[in-house]
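So the structure is just underneath, and the comments pick up after that.
The values are calculated or read from the model by the stated rules, or taken from the named source; none is laboratory data. Being a predicted model, the structure only gives us computed values, none of them experimental. In this analysis, Cβ positions are derived from the backbone assuming ideal geometry, glycine residues included, and neighbour counts consider all displayed protein chains.
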Amino acid sequence: MILGVIFAALLVVVFAYGVYESLDYPLLAQVFPFWISLVTLVMAVAQCVTEARNFHLRIEDVQADFVDLAPDRSLPPDVVYRRALGYLLWILGLYAGIWITGFVIAITAFLFSFLRWEAKLNWPNALYLAGGGFIFVLGISWIMTLHWPEGLIQEWSELPWPLG
Amino acid sequence: MLDAALSALGTLLTPYHMGMLIFGVMVGLLIGILPGLGGIVGMSILLPVVPHLDAHAAFAMLIGMVAVIPTSDTFPSVLMGIPGSSGSQATILDGFPLARRGEAARALGAAFSASLMGGLFGAVVLTLILPIARPIVLAFASPELFMLALLGLSMVGVLSGRNVLKGLIAAGLGLMMGTIGAAPAVTVYRYTFDFPYLIDGIPLVVVGLGLFALPEIIDLLIKGTTISDVPGLGRGWWDGVKATIEHKWLVLRCSAIGVIVGFLPGLGGTVVDWISYGHVLQTTPEADRDNFGKGDIRGVIAPESSNNAKESGGLIPTLLFGIPGSGSMAIFLGGIFMLGIEPGPGMLNENLDLVYTAVWSLAFANIFGTGFCLLLSQPITRLTRVPFKTLAPFIIMIIVLAAYQGTRDWGDFVALLLTGIMGWLMKRFGWPRPAALIGYVLSDKAESYLFISVQRYAFSWLLRPGVWILGLIIALSVGAGVFWQTHRRRSGEGEGKGT
């Protein structure tokens, strides 16, 4: 499984960087990260070699033999990665929306478009649920005095609450 | 003493004080249900009300709030695989698989009844321990706290199963993530890549949501079904309550763990669920252990009974020393000051009735909180029958909003996404995420206490009896793990030869 090897190799890089970077720190700040990353680096290299040896194994054969939620292996890997990338793009889209329009507008638009085009709800239901989400955000933020990230629009213009 | 306890009970039972207690409980339940929000947020909401109340009502409200967060935070942990707050991360491991099997109501019933017992146990212990708490708390100096952090880290071995190497690497990754930001001993900013956001390190809320919540959402979306794989709501909550009663000794042991971890200032409640989860694994016979992580009810009962008990433990150092054991207790301390009360050993002489108000409030809040949650459990469980694609955008909305409360910086969004991708890949390629989370939580504490120990005692800290006792416990715990490992491997080989 090439991707498993790449992931292990990435960890090796991370710990190698951890060791390298810690060399610049004064002693008191250095001891802990230096030793942790050095020891983990050695283990990560060993694990990387193991993964490379098991290169021929498919992901279905990698059993999560420890205590964590078991990964679902029922779908073929290419479907899993394609869909995962799709949902990652949804979240990036939400982030971009927040960056431009601020949290309230972006989250409402995200709710609506996700419900309409991803969950395939009809227009009235998607509108109704997104509206519910909008009111929930307003209510919960008012009760708990939560803060929202502002977007470019809020920087440029004075919008009334809750949009501003 | 009995007089003070009874007079405090009398005061608390007046409608005004009961009303404030129930108000606090409501706020606490709401905060617990919302993933990512915890006691700090609750205390900050309620603090402005404090100056308008008398001391007993304020205590009832604040303690009522903080006592029930670990009760209701089970909802998102069990139903969606998302940590409701940092004290119920371990509940996910077995609670969520139970929900997926259609046994959400049973898991919730067990969790709530375990929470109740843990909370009541904590209140009782608080009463008994108050007169003798001072020397016990003082016996724990930095060396002992460092050893406790090591004990927490040793749970990684237990949780890693046969993949000890991967578990250790994951823990190392968590430890390294914990070193990001200002170093504890000197003014150096480590691994910040010149981002101001990283100077304070990545908030625990963000790491918890990233490692567990985001990967679960993505995986459920990929699968595109409902959370529960089977039709119907499964067995009722009463079965869960019966399971808790059946495992009453486990509940008691984990409650004791909760109180002890809670009352040691500095370790905080964030690891108590993992420590008790490790405990139930260690004390379960090997042959009986295979179901953990796949929906064993004991994996729900253990963390849930400990995380309610820790709140009463946390009150001890706060009230007796003015040393808050956690962020929410720090704000609670602020509330006590606002009432014009000086926390410290004098509390036991001058404000004994208030101390008992705290104890009674804990007990009543746990009873009310559990009652409300049990009432809610059957209707809320229906969420597991809603197509996940309809549910997902709302969950994403809540975790994004919650993550942003971490530091109110764009960095929270970026960190959430990056830790989320990391968590997803770890799950996909079979790396234990609990190990990484434990490493992350304990990193800063382990390093700080180690430095203070060495600077204060040089190397003579290694000779302290407390260090030896804790070292022995760690050795036993790791040794037992190694023993089971080799035992299992041998018996596995034996079976292999037999066939």
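Every residue in the range B:153-191 that is of a type in the set (Gly, Ala, Ser) and either more than 24 Å from the chain's Cα centre (by Cα) or within 7 Å of another protein chain (Cβ to nearest Cβ) (or both), please. Across the range B:153-191, the qualifying residues are B:Ser160, B:Gly161, B:Gly167, B:Gly172, B:Ala182, B:Ala183, B:Ala185. Looking only at the range B:435-477, filter to residues that are within 24 Å of the chain's Cα centre (by Cα) and charged (D, E, K, R); which one of those is nearest to B:Thr283 (Cα to Cα)? Only one residue tops the list, namely B:Lys445.
Among the residues that make up the range B:192-211, is at least one of them within 7 Å of another protein chain (Cβ to nearest Cβ) and within 28 Å of B:Phe429 (Cβ to Cβ)? Looking for residues that are within 7 Å of another protein chain (Cβ to nearest Cβ) and within 28 Å of B:Phe429 (Cβ to Cβ), one finds none in the range B:192-211, hence no. Taking (1) surrounded by 24 or more Cβ atoms within 10 Å (Cβ to Cβ); (2) within 17 Å of A:Leu69 (Cβ to Cβ) in turn, B:Thr225 satisfies each apart from (1). The residue that is surrounded by the fewest Cβ atoms within 10 Å (Cβ to Cβ), counting only those in the range A:105-121 that are within 7 Å of chain B (Cβ to nearest Cβ) and in a helix (DSSP H, G or I), is A:Glu118. For the range A:13-58, the tally of residues that are charged (D, E, K, R), surrounded by 14 or more Cβ atoms within 10 Å (Cβ to Cβ) and farther than 20 Å from B:Tyr440 by Cα stands at 1. Of the residues that make up the range B:101-108, is at least one within 22 Å of B:Gly258 (Cα to Cα), modelled with pLDDT under 90 and surrounded by 24 or more Cβ atoms within 10 Å (Cβ to Cβ)? The answer is no, given that none of the residues of the range B:101-108 is within 22 Å of B:Gly258 (Cα to Cα), modelled with pLDDT under 90 and surrounded by 24 or more Cβ atoms within 10 Å (Cβ to Cβ). Inside the range B:331-362, residues that are under 19 Å from B:Gly32 (Cβ atoms) and surrounded by fewer than 17 Cβ atoms within 10 Å (Cβ to Cβ) make up a count of 0. Applying the criterion of at least 2 residues that are more than 7 Å from every other protein chain (Cβ to nearest Cβ), over 30 Å from B:Pro97 (Cβ atoms) and modelled with pLDDT of 85 or more to the helices (runs of 4 or more DSSP H) found wholly in the range B:378-460 leaves B:410-428, B:433-457.
Just one residue in the set A:Gly132, A:Gly97 is in a helix (DSSP H, G or I) and surrounded by fewer than 13 Cβ atoms within 10 Å (Cβ to Cβ); that residue is A:Gly132. Considering the range B:1-94, the qualifying helices (runs of 4 or more DSSP H), each wholly inside and each with 2 or more residues that are more than 25 Å from B:Ala392 (Cβ to Cβ) and without any contact (Cβ under 8 Å) to a residue 12 or more places away in the chain, run over B:2-12, B:15-33. Here B:Leu250 meets the list (1) surrounded by 21 or more Cβ atoms within 10 Å (Cβ to Cβ); (2) within 16 Å of B:Ala90 (Cα to Cα) almost entirely, failing just condition (1).
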